[in-house]
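Reading through the structure tokens given below for one structure.
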Amino acid sequence: MRSAAAAEANRIPFLSSKKLVLCRRKQTSWPPYRELTALSFLLYLHPVGVTYVQAKLRRPDGRGPTRTVRFLVDSGAIYSVLPEKTWRALRLRAERQVEFTLADGTPIERGVSECRFEIRGKAATSPVVLGEGNDGALLGAVTLETLGFMLNPLTREILPMRMALSHLRSS
């Protein structure tokens, strides 16, 4: 029978559902069971962060009320999502219906409109999904890029994007 210390030495830390749990190390090199290197060990232990940002919202024509909303920055989302209470207060209306696919593969249809965002002194209009029920405020990639921002995937900081243009020469 193996000692408790030997059994503990054969266990590795693994993050699952925001908890650090110990799992038995598999004695094979076939993925997904690979040796845990020092770098991957640190990556497993690095907490996954979330980033929030405050934004002032208005109708695209600039008229009407202004709302300040705290958005979860979701780099995997294309469009930003406005909670129902927010878009109704701004008196936005759906310009078109778009089908989206949720993470579990479920298709849903939502209205899409335009909204004016102001974040850190920069303002621009961007397409927004008109949320329903319990849909939360998400800031998507189109809005970030339209405003000239990017999300650093390692530090989860919102940074100014380096804007580049190409010049094509006619022959």
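Only the coordinates and a few stated rules stand behind these numbers; no lab work does. Here the structure is a predicted model, which is why all the values come from computation and not from measurement. Methodologically, a virtual Cβ is constructed for each residue, glycine included, from the backbone with ideal geometry; neighbour enumeration extends over all protein chains shown.
Report relative contact order for the range 90-132 in percent, whole number only (criteria: Cα-Cα under 8 Å, sequence separation at least 6). Can you show the working numbers first?
Numbers: 64 pairs, mean separation 13.8, N = 43.
About 32 percent, as a whole number.
If R0 is 22 Å, what FRET efficiency do you get for Phe100 and Asn134 from their C-beta distance, rounded to 0.05? Before the final figure, lay out the partial values.
Values: r = 15 Å, r/R0 = 0.70.
With R0 = 22 Å, the Cβ-Cβ based efficiency is 0.90.
Work out how much length Ser170 to Thr125 would gain on full extension: take 0.36 nm times their residue separation and subtract the Cα-Cα distance, in nm to one decimal. If you can, show how the numbers build up before the last one.
Working: separation 45, 0.36 × 45 = 16.20 nm, distance 3.29 nm.
Here the answer is 12.9 nm.
Find, among the GluC sites (Glu not before Pro) in the range 125-171, those assigned to loop by DSSP (not H, G, I, E, B) with at most 15 other beta-carbon atoms within 10 angstrom. Numbers along the way, then the final one.
On the way: sites: Glu132, Glu145, Glu157; in loops: Glu132, Glu157.
Listed in order of number, the matching sites are Glu132, Glu157.
Could you give the size of the charge dipole of the range 52-160 about its Cα centre, using +1 on the Cβ of each K and R and -1 on the Cβ of each D and E, expressed in debye and rounded to the nearest 20? Could the numbers behind the result be given before it?
Values: 16 positive and 13 negative charges, 138 e Å.
It works out to roughly 660 debye.
Which residue, Leu130, Ala89, Ile108, has the largest displacement toward the positive end of the dipole of the range 82-151 when charges sit on each Cβ (Lys, Arg +1; Asp, Glu -1)?
Result: Ala89, furthest along the dipole toward the positive end.
With equal scatterers on the alpha carbons only and no solvent term, can you work out the Debye log10 of I(q)/I(0) for the range 52-160 at 0.16 1/Å?
Cα-only, vacuum Debye calculation for the range 52-160: -0.67.
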